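In what follows, a single structure is set out as structure tokens and then discussed.
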Amino acid sequence: MAHGVVRSAREIRRAVVTGGAGFLGSHLCEQLLERGVEVVCLDNLLTGSPANVLHLMEHPGFRLVRCDVTDYVHVPGPVDLVLHFASPASPLDYLKMPIETLKVGSLGTLHTLGLAKEKDARFVLASTSEVYGDPLVHPQPEDYWGNVNPVGPRGVYDEAKRFSEALTTAYRSSQGIDTGIVRIFNTYGPRMRPDDGRAIPAFIGQALDGRPLTVAGDGSQTRSICYVEDTVRGILEMAASTHAGPVNIGNPDELSMLELARWIVQLTGSESTIGFIDLPVDDPKVRRPDTTRAEELLAWRPSVPSAEGLRRTVDWFAAQREDRAAQAG
């Protein structure tokens, strides 16, 4: 693979974002619009919400279309870029919706690749660090094949993404489609759902309520957290390039769940205690991206320190709660 940023000769004027009303998708839509790109946002609103893109509705270059990409995808007019980000992404969601998760990774990827082929567009797949499973190699480079249990509870998400990577690669090699794969590590920031089951929104909600923070296991398992602004910048660098990937997009800033919980208690000024619950089945013990490839190929590295990103996220959740309280009162 060649080193350095190899930019596509194509100009991106119009993009399709599947899952565009979700947490990460809505930030992508916003950034594309800010860069002068017209955006067609496709979402069945299973885990996304129109509230995430409400502030974009008046933008002349933005269009929200409610549709399920596992059924059929049709977008009139030219398209230069397809970003396939539709999928339940938190364990709470994909454990509740296992079939939907597998379908959007398989049929959804098939249909959106078909759209990219029809439009001669660049296609970027949102894959995940979960393809590495409970890794036996640390940190995780892109050439590590992973340690995934296909019949465990997390298999519905892990294997959906592994299949979508294989399908994307097959379309590139057999159909000549311009594709790229990004493997996204734990992303956080404003617009996360408070009830989505992920550690950061759960911890923040518990701390703001003064409830005990529920840490799984003994809290020694690690994650690497990347602020959404940095993640989106990395994805769009990948979209503007000609690289196939996969490329890890994440922050090498690794911390334990217990450290994260204590940090959030401190940031919220809460008097919450920390409690412990059983570790979920097949929960990865460690997670940290090797970001060498992103640095060399895309000249990308995260720039928002975790302390700053978490402070912004806490502030956003606190403001949301105040708004809800004001509306209820």
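Rule-based calculations on the coordinates, nothing more; no lab input. This is a predicted model, so every value here is computed, not measured. Here the Cβ positions follow ideal geometry from the backbone for every residue, glycine too, while neighbour counts run over all protein chains shown.
Of all beta bridges that DSSP places with both ends in region 14-328, some 10 percent have antiparallel geometry.
As a proxy for reagent exposure, ranking His138, His27 by other Cβ atoms within 10 Å from fewest up yields His138, His27.
Adding -39500 (n - 2.57) for every DSSP H run of four residues or longer, then dividing by how many residues the chain holds, sets the calculated 222 nm ellipticity at -12500 deg cm²/dmol.
Put simply, the amide H of Val247, placed in the peptide plane, has neighbours under 5 Å in Ile181, Val182, Arg183, leaving out anything fewer than 5 places away on its chain. Find out how many positive minus negative residues lie around Asn52, taking Lys and Arg as positive, Asp and Glu as negative, among other residues whose Cβ is under 10 Å from that of Asn52. Net of charged neighbours comes to 0.
In this simple spin-label approximation, Ile99 and Glu11 carry label points 7 Å from Cα along the Cα→Cβ vector, and these lie 4.7 nm apart. Over all other residues within a Cβ to Cβ distance under 12 Å of Tyr227, the charged ones net out to -1, with Lys and Arg as +1 and Asp and Glu as -1. Taken along the Cα-to-beta-carbon direction at a fixed 7 Å, the label points for Phe163 and Trp263 span 3.5 nm. Between Ala318 and Ser173, the C-beta separation translates, for a Förster distance of 56 Å, into a calculated FRET efficiency of about 0.70.
Positive-end ranking of His243, Pro190, Leu213 along the dipole of the chain, with charges on Cβ about the Cα centre, is headed by His243.
Given a cut-off of 39 Å, what percent of all Cα-Cα pairs of the chain lie beyond it? Pairs farther apart than 39 Å: 9 percent. Our estimate of slack between Glu58 and Ala299, defined as 0.36 nm per intervening residue step minus the Cα-Cα distance, is 83.4 nm.
Partners of Lys119 within straight-line reach, counting aspartates and glutamates whose Cα lies under 12 Å from its Cα and excluding those fewer than 8 residues away in the same chain: Asp80, Asp178. Here each label is just a point 7 Å from Cα along the line to Cβ, and for Asp195 and Arg35 those points are 3.5 nm apart. Near Val40, once Lys and Arg are set to +1 and Asp and Glu to -1 for all other residues with Cβ below 10 Å from its Cβ, the sum equals +1. Neighbour counts of other Cβ atoms within 10 Å put Val53, Val6 in the fewest-to-most order Val6, Val53.
To the nearest ten degrees, helix 199-209 and the longest principal axis of the Cα atoms of the chain are 40 degrees apart. By the beta-carbon count within 10 Å of each Cβ, the least crowded to most crowded order of Asp253, Asp43, fewest first, is Asp253, Asp43. Excluding same-chain neighbours fewer than eight residues apart, the lysines reachable from Lys161 by a Cα-Cα span under 23 Å are Lys96, Lys103, Lys117, Lys285. Note on Lys117 and Tyr72: the extension gain reaches 14.8 nm, defined as 0.36 nm multiplied by sequence separation minus the Cα-Cα distance. Seen against the Cα atoms of the chain and their longest principal axis, helix 155-175 is set at about 20 degrees.
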